[in-house]
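Report on one structure; see the data block that follows.
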Amino acid sequence: MTSARLAFKQPSILPGFGLSFGFTLAYLGLIVLFPLAVLILKSAGLGWTEFWRLALDPRTVAALRLSFGASAIAAAINLVFGLLIAWVLVRYRFVGRRLIDAMIDLPFALPTAVAGIALTAIYAPNGWVGQFFAPLGIKIAYTPLGAVVALVFVSLPFVVRTVEPVLAEIDREREEAAATLGASRLLTVWRVVLPSLVPALLTGFTLALARSIGEYGSVIFIAGNIPYVSEIAPLLIVIRLEEFDYPAATAIAAMMLGISFVLLLTINLIGAWSRRRFGHAV
Amino acid sequence: MRSETIAASVAERPAKAWRPATSETPATRRVLIAIAGIFLGLVLLLPLGAVFAQAFSGGWSLYLAALAEPDAVAAMRLTLLVAAIAVPANLVFGVAAAWAIAKFEFRGKSLLVTLIDLPFSVSPVISGLAYILVFGSHGLLGPWLDAYGIKVAFAVPGIVLVTIFVTLPFVARELIPLMEEQGAGEEEAALSLGASGWKTFLFVTLPNVKWALLYGVLLCNARAMGEFGAVSVISGHIRGLTNTMPLHVEILYNEYAFQAAFAVASLLAILALLTLALKTFLEWRFAGDMAGARGH
Amino acid sequence: MDIRIQKVSKAFDRFPALHDVSLSIRSGELIALLGPSGSGKTTLLRLIAGLEALDAGRIHFGDTDASHLSVQERNVGFVFQHYALFKHMSVLDNIGFGLAVRPWRTRPSGAEIHRRAEALLELIQLPGLGHRFPAQLSGGQRQRIALARALAIEPRVLLLDEPFGALDAKVRKDLRRWLRELHDETGHTTVFVTHDQEEAMELADRVVVMSNGRIEQIGTADEIYDSPASPFVFSFIGASNALKVTIEYGRIHHAGQPLALPKGDAAVPDGPAKLYLRPHDLRLTDDGAGAIRGIVTGTRRTSGTRLLEIEVGPQRERLEVEVPVSATIAARETVTLRPERWQLYSDA
């Protein structure tokens, strides 16, 4: 008995392990693990054919496609602009830099419902921005494009915040070395700086993607929610719930969880791979 | 030779043309800053501005009237109540988890850390669904609890529980990296000097992590008050009873009461701005006392 | 390629880093910039490379005025203190980088770049490591790769910033000898920065001693050591003692007593001056006339010799004197010392 306990935990003179560890496990178990386990059990209880019948329902597939497609586009947009913003914030000194730096986290702090109605107000055909697009025949709010705009908002901070610290710690000597070897500034950025940001960019992209896939509050206001067109998967879960169609809701949730799991696994593999290859400077 | 033509061409070039090898031309800088500024303006600042513009579109009196409306007051009260339960609960959890994880070595630690982060990778709607599957009238425990007259789903306890679920990682993930970095040396010293376990925690551990703790609480609170998806699923949208502020915003908006919706939303936006201001202050003032202060 | 640096000045945020520095480096020479931190040696190296902008003065590479050439146009090989290898590239890609980024008209083919990189790996005696990544190499190996990368662009001049600063003592000695051999083999004009006098004296053809943004002396190791041009050089290179003296009618007086030393050929005017003495240039003597008198306050044994600490004169100035290990001298004993060599600098 004692040896088994020693094997589990290394001895320490600090007290309170039993209490804190036990409490942590119980709390985590009750709040997080138990409900999620029930969800997984329920979806497993549907049976193989029933599960796939529900999961491959055309409306579900359309909703999943929109959720993942719009999320991928939003994450890609944030990949480009997030890198640009991180670059500007880390490398340049200008008036308002600190303010912009603080504002980057607004999507973390602003409730998504507030973001949703505000974005809708701006990008609606008669809104501050939408009015310039309406004459061109481009509708942003109440279309899948609106969903992309909302997802760009909610996942904006991820790429910026993962790239910023890495960029700040990049050794300027490498860029100087590239310059002494004759590389132009553009070539130096492309071949020396960017490759060392790739792991951070990928992590930021994946976090933004994962966040966007699960997003609900901001999208439902702006997307228009037309079945098969601009209806996202989380919304379809809510609709099925309101219809008391628990099996369908569970099947959609299980599909989303499965894909999220694959994404998290990918992040970890990317991290492990780049650490193995380039040392610990990810 | 080529070098001579270069020399001839640079002889007249003023010294100012030289620029450091690790920076871009001033023109490039200006363009990049402008692009970043325009993007952030379109995506971040305009929406924020729109909230306040719409909220005050009917003037102060309508704004105040929207906030004084009984359902709005009930929503504010419920939001404060939920945060007042969820935040302290997750504070205690965060401290306990960080103590166990950072000060001791045991097997499966990284699995535990991953599990603590789990709520961040689950869609809020899915977490709401999971709670319905447990506590709903057709759920696992729902009928049994119903028999004792306890309602969780479509009631305040459900809202509190999903809020705890969604905001569970905030405090823990601020504390764990910091306390791991600090190690157990100071606690061991205090114990060797005869302090009790609780005294060691109160007078040695807590002062070392107080700013990170505040930081975590701040983020936890912002999310607890603003959570929409999970709460929306579990609440049942009963006006005046299970409506939090974000849900109330939705209801008003869907009833085309735009000005009132934005008035309530503006309160949440002010809360967000306060959170950002405090957060920025903490990062600026106590950056050294917070390990993983950035990026979630 | 010879390098002429003329009246160069540089300031950072109004803090002067270099004042009016001039230096001529002959083609094929191996030059050390030696000085304490903050002396401006690295700034001078970075100005030659074009990594910093000149405030005033000119830099010529051969007949070319390079003063306003960008770093890319200067074609210098720069080896950074912490190597600055590209960690996402293999060793071969690192070495070939300078060739691969040339404009396409002057760029060698991929196969040619590969061949040249392999040849450089041979030159630096690390064949077969081409497909490793920098993280998989030791510090000494990285240093050599950084050197090969700099050599690959056939630079006009090779510049090394504290090339051995980050290595441990044993590797440092090996690499020092190796660099000297490599230099003799390839004949590149080479400038390196160091704060290690032993390294500078052993490796360089000429040493440039710098302090506070100025050049104190330029010379061979012998010249620097035997005839230091300033008190700074005397005390920076090797162990030294200094005594406050006055010159009266061309004779040296210490503590009011004349010293039996001719003033030497250095033209030091009458007035206050400083007498600099190396510990091993002082001899114990029985002849007290015109010698330096002092009281032994302590003795220390170092590896090959014994060091006496001696207090001299009413102001209790401290001298260190090297004596044979066999010498038996007790503390509080009064001794008389006669300098065999010395250096006198005006203290006006």
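Structure notes:
- Residue that is most open to solvent (accessible area, probe 1.4 Å), among those in the stretch A:181-207 that are within 26 Å of the chain's Cα centre (by Cα) and closer than 18 Å to B:PRO20 by Cα: A:TRP190
- Residue match in the stretch B:239-249 (condition: open to solvent by 40 Å² or more (accessible area, probe 1.4 Å), away from every other protein chain (no Cβ under 11 Å) and at pLDDT below 95): yes
- Residue count, the stretch C:306-336 (criterion: more than 19 Å from C:ASP287 (Cβ to Cβ) and among the β-branched types (Val, Ile, Thr)): 2
- Filter pass, B:LEU133 being at pLDDT below 95, touching a strand residue (DSSP E or B) at 6+ places or on another chain (Cβ under 9 Å) and either crowded, with 23+ Cβ neighbours inside 10 Å or part of a helix (DSSP H, G or I) (or both): no
- All positions within the stretch B:59-105 that are at the interface with chain A (Cβ under 9 Å from one of its Cβ atoms) and open to solvent by 10 Å² or more (accessible area, probe 1.4 Å): B:ALA89, B:VAL92, B:VAL95, B:ALA96, B:TRP99, B:LYS103, B:GLU105
- Qualifying residue in the stretch B:265-273 (condition: more than 10 Å from chain A (Cβ to nearest Cβ), touching a residue at least 60 places away in the same chain (Cβ under 8 Å) and touching a Phe, Trp or Tyr at 6+ places or on another chain (Cβ under 6 Å)): no
- Conditions (1) in a loop (DSSP other than H, G, I, E, B); (2) more than 9 Å from chain B (Cβ to nearest Cβ); (3) not basic (Lys, Arg): number failed by A:PHE68: (1)
- Test: residue in the stretch B:101-119 that is more than 29 Å from B:PHE201 (Cα to Cα) and of a type outside the set (D, E, K, R): no
- Search result, residues across the stretch C:136-146 that are farther than 14 Å from C:ASP93 by Cα and aliphatic (A, V, I, L, M): C:LEU137
- Some residue of the stretch A:26-43 being open to solvent by 50 Å² or more (accessible area, probe 1.4 Å), closer than 28 Å to A:THR206 by Cβ and not in a helix (DSSP H, G or I): no
- Count of the stretch A:11-27 residues which are more than 8 Å from chain B (Cβ to nearest Cβ) and small (Gly, Ala, Ser): 3
- Here C:HIS19 does not qualify as over 21 Å from the mean Cα position of the chain (by Cα) and assigned by TED's automatic domain parsing to the domain that holds C:ARG206.
- Pair list, Cβ < 7 Å and 6+ apart or interchain, from the stretch A:230-253 residues that are more than 8 Å from chain B (Cβ to nearest Cβ) and over 22 Å from A:ALA147 (Cα atoms) to residues that are in a helix (DSSP H, G or I) and aliphatic (A, V, I, L, M): A:PRO247/A:LEU54; A:ALA248/A:LEU54; A:ALA251/A:LEU54; A:ALA251/A:ALA55
- Helices (runs of 4 or more DSSP H) fully within the stretch B:156-244 that include at least 2 residues being without any contact (Cβ under 8 Å) to a residue 40 or more places away in the chain: B:185-192, B:197-200, B:206-226.
- The stretch A:111-129 - residue that is facing another protein chain (nearest Cβ under 8 Å) and open to solvent by 10 Å² or more (accessible area, probe 1.4 Å) and, of those, farthest from B:VAL264 (Cα to Cα): A:VAL129
- For B:LEU44, the conditions (1) open to solvent by less than 10 Å² (accessible area, probe 1.4 Å); (2) farther than 28 Å from B:ARG173 by Cα are fulfilled apart from (2).
- Top-ranked residue in the stretch C:49-60 [being within 14 Å of chain A (Cβ to nearest Cβ) and under 19 Å from C:SER22 (Cβ atoms); ranked as surrounded by the fewest Cβ atoms within 10 Å (Cβ to Cβ)]: C:ALA53
- Index of the failed condition, B:ALA50 passing every other in (1) within 12 Å of another protein chain (Cβ to nearest Cβ); (2) surrounded by fewer than 17 Cβ atoms within 10 Å (Cβ to Cβ); (3) assigned to a helix (DSSP H, G or I); (4) not charged (D, E, K, R): (2)
- Helices (runs of 4 or more DSSP H) enclosed by the stretch A:139-229 - at least 3 residues per element that are closer than 28 Å to B:ALA265 by Cα, in contact with a helix residue (DSSP H, G or I) (Cβ under 9 Å, 6 or more places away or on another chain) and within 8 Å of another protein chain (Cβ to nearest Cβ): A:144-169, A:194-214
- Only one of the numbered conditions (1) in contact with a helix residue (DSSP H, G or I) (Cβ under 9 Å, 6 or more places away or on another chain); (2) closer than 25 Å to C:LEU51 by Cα is violated by C:VAL171, and that is (2).
The values are calculated or read from the model by the stated rules, or taken from the named source; none is laboratory data. Note that the structure is predicted; figures quoted are calculated from it, not measured. Reconstructed Cβ throughout: ideal geometry from the backbone, glycine too, with neighbour counts over all protein chains shown. Just so you know, the surface numbers come from the protein's heavy atoms only, side chains and all, with ligands and any DNA or RNA stripped out. Shrake-Rupley method; radii C 1.70, N 1.55, O 1.52, S 1.80 Å.
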